[in-house]
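What follows is a set of notes on a single structure, which appears directly below.
The values are calculated or read from the model by the stated rules, or taken from the named source; none is laboratory data. On a predicted model such as this, the values are computed, not experimentally measured, just so you know. Note that each Cβ is placed from the backbone with ideal geometry, even for glycine, and that neighbours are counted across all protein chains shown. The area values use the complete protein model at the heavy-atom level, side chains included, leaving out ligands, DNA and RNA. Shrake-Rupley method; radii C 1.70, N 1.55, O 1.52, S 1.80 Å.
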Amino acid sequence: MNRIPSVSLRGVADEDAAAPPDPAALARWARAFCVIRFDLERGQLVEACFPPDALTAPGGGGLDRLVAFSSFPDSMSHHLPRHRSSVHDSLFSFRVPDPSSPRRAFLYGFVFNRQRQDERLPRGGEQKSVVILSHAPYSSLFRLLLQILGPLCFDVGPSALAMVATHVAAWPAPAPGRPMELPIGTAALRVHLPPAADDPGPPPALLPANPSVPYGLFHDADLFAAFRGLLLHLWTLWELMVVGEPVLVVAPSPAQCSEAVAGLVSLVAPLLYSVDFRPYFTIHDPDFARLNALAEGEVFPPMVLGVTNLFFLKSLKSIPNVVSVGSPNPNSTRVLPVGGQSLGNGTNGTPGKLKLDKLAINKFSPTSLLNSIKLRREGPLSLMTEHKEALWSTYAPTTKPDTSVLNRLIDAGVSPRIEESMSVVNNEILRRHFLELTTNFLAPFGPYLRTTTPSEGTSPFVDPPLLPPFHADEFVNGLAARGPGKFLSKRMRSNWLDLYRRFLEGPNFMPWFRQRRAAAEQEQQRLWRLARMNVDIERLMSKMSELERIDSFNAVERYLLREMENSGKGSADSIAACQKLKEDLQVAFSVLPKDMQQLLLSNPKRAVLLQGNHEKITGLNGTVTQTSL
């Protein structure tokens, strides 16, 4: 029996559902909780759902059918043990378009699938899936929650959906990018949520201080286990993801292909990955018809598709990059070389270092040469007869595999007991390296995102300078003259500039750059505002000419009116800023010539600003605001 360990949840099944969960509070985390059954006569059916109408509401566009078809393997695995009665549990995920969204939005499905083989049952077995559907890609959270909800549904029935939904609705609002402790029954789920989609992450010139903190999606993906047989290809796969190339990921099971797709997306953190990706893609997906109808020679759109159905090798044969991962045996995620020897040098189950000579795909021998030629000649269609881990691609990579990173990886030997802990160590090594690689790759864009603050003795009451304009040709020419930097120069070939050109032309660059640019502009506004709050206005005005003092008075007034608009929202920070600017305005007014003061006071709106009374005033732009100035 191959079962996922469940988390203890004493008391949940005994609690009374005193009141239904608040729909708005529940929607902050999840759209629906479902139990889906595979019926021998009717196919996939939604057996239970909470909220009851979550998948069938008007405008849903067949969401119930789409979720149902995405929640099962393409077929009952014939690799399961041939026992009289056996149970196989698996976790996987999918991502599908949200038919109820007016814009191109997606829903994430997290699945606990149970396959039970029993000769006494029709067709020798049955399948059920428990699904959490959410707008948020919180894989680390929902995988933990599924290990509670999945077994609970099989123990107490569909009523478990409402029980768990009640606990989820009681959680505080999600705090993206921060650790959270979320109670459920007598248990607590400790998770660190990924950053929000509009969170630009750390500046590209700075390496994140703590690589264990998620700086992108799917930080919990088991990168090492998913690509253990293809470790030397990880750098090519990283490039394919950076430049937004289409990739087809083929695996024997949904768990393996969805984990591999999640691992690929996580490779490029902290870069915002803007390409459409589907951890588990089926022929029932609404986009399949469009992709299947692509004409001969038509360019395949940027997508990463995880599939288990080998039919896709023929129907989507225009995809230029195909990677096959995983093992057909669900009881073994480890890849052993021919002859049954371990990749490591550990004995008696003790961990050892991975041997690079076992991993080397270009080590010459007559057998390896013939196998390589055969693999290349047959192409991905060779998977129709035998599953093997391989990468087929016409892409010429720039980045070289980093052997110093591979040398640090640890092999668990033959002991499954310590396999999981070794994967944690290896994932940390790989993730730290690719985080550093991506950060260094993005570093040359730093000057275009660099903020400034007022220099000593200058006035902060002027508009901040604009960020440097970006022109792709000038950037490439300047980068060619400067070079890629010490870190990248050791790891990239002489054609490294081509990678930057592909990145600039690809689908990931502009969304990431615009987001970073907007964040830099916002940060610059914050820094200049902070400078205005800390400036000694009397000292500043003492060094100015009469004309400069008049200009400064007008500038302080302009910023005061801007802050007054924000203070109407009740922000304590804005109210404090208004008070400081009010005092600065009075100081600036006091050093002006008498005739100028009289002229300024002739404007009744300005006169109110300078009086400091508690009253409603109409700003110079016509905005009515109440302030205690």
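For the structure I just gave you, tell me whether Thr453 is open to solvent by 40 Å² or more (accessible area, probe 1.4 Å), hydroxyl-bearing (Ser, Thr, Tyr), closer than 29 Å to Asp551 by Cβ and in contact (Cβ under 8 Å) with a residue 60 or more places away in the chain. In short, yes. Screening Asp536, Asp498 for residues that are open to solvent by 30 Å² or more (accessible area, probe 1.4 Å) and over 30 Å from Pro397 (Cβ atoms) leaves exactly one candidate, Asp536.
Taking the stated definitions as given, is Gly457 on the phi > 0 side of the Ramachandran plot and touching a helix residue (DSSP H, G or I) at 6+ places or on another chain (Cβ under 7 Å)? In short, no. Within the stretch 510-519, does at least one residue satisfy the condition of being more than 23 Å from the chain's Cα centre (by Cα) and assigned to a helix (DSSP H, G or I)? No: the stretch 510-519 contains no residue that is more than 23 Å from the chain's Cα centre (by Cα) and assigned to a helix (DSSP H, G or I). In the stretch 111-138, the residue that is modelled with the lowest pLDDT out of those that are open to solvent by 10 Å² or more (accessible area, probe 1.4 Å) and within 32 Å of the chain's Cα centre (by Cα) is Gln127. Against the conditions (1) open to solvent by less than 30 Å² (accessible area, probe 1.4 Å); (2) modelled with pLDDT of 90 or more, Pro200 satisfies every one except (2). Considering the conditions (1) over 28 Å from His219 (Cα atoms); (2) of a type outside the set (Phe, Trp, Tyr); (3) in a helix (DSSP H, G or I), His284 is excluded by exactly one of them, (3).
Based on this model, can you work out whether Lys374 counts as out of contact with any Gly (no Cβ under 9 Å at 6 or more places or on another chain), outside any strand (DSSP E or B), open to solvent by 70 Å² or more (accessible area, probe 1.4 Å) and at pLDDT 55 or above? Yes: the conditions hold for Lys374. Quick check: is even one residue across the stretch 547-567 out of contact with any Ser or Thr (no Cβ under 6 Å at 6 or more places or on another chain), in a loop (DSSP other than H, G, I, E, B) and either open to solvent by 50 Å² or more (accessible area, probe 1.4 Å) or hydroxyl-bearing (Ser, Thr, Tyr) (or both)? No, every residue in the stretch 547-567 fails to be out of contact with any Ser or Thr (no Cβ under 6 Å at 6 or more places or on another chain), in a loop (DSSP other than H, G, I, E, B) and either open to solvent by 50 Å² or more (accessible area, probe 1.4 Å) or hydroxyl-bearing (Ser, Thr, Tyr) (or both). Does the stretch 569-591 contain any residue that is assigned to a helix (DSSP H, G or I), touching a residue at least 24 places away in the same chain (Cβ under 8 Å) and more than 25 Å from Thr458 (Cβ to Cβ)? Looking for residues that are assigned to a helix (DSSP H, G or I), touching a residue at least 24 places away in the same chain (Cβ under 8 Å) and more than 25 Å from Thr458 (Cβ to Cβ), one finds at least one in the stretch 569-591, hence yes. Only residues that are of a type in the set (A, V, I, L, M), closer than 22 Å to Ala68 by Cβ and open to solvent by less than 10 Å² (accessible area, probe 1.4 Å) were counted across the stretch 234-261, and they come to 2.
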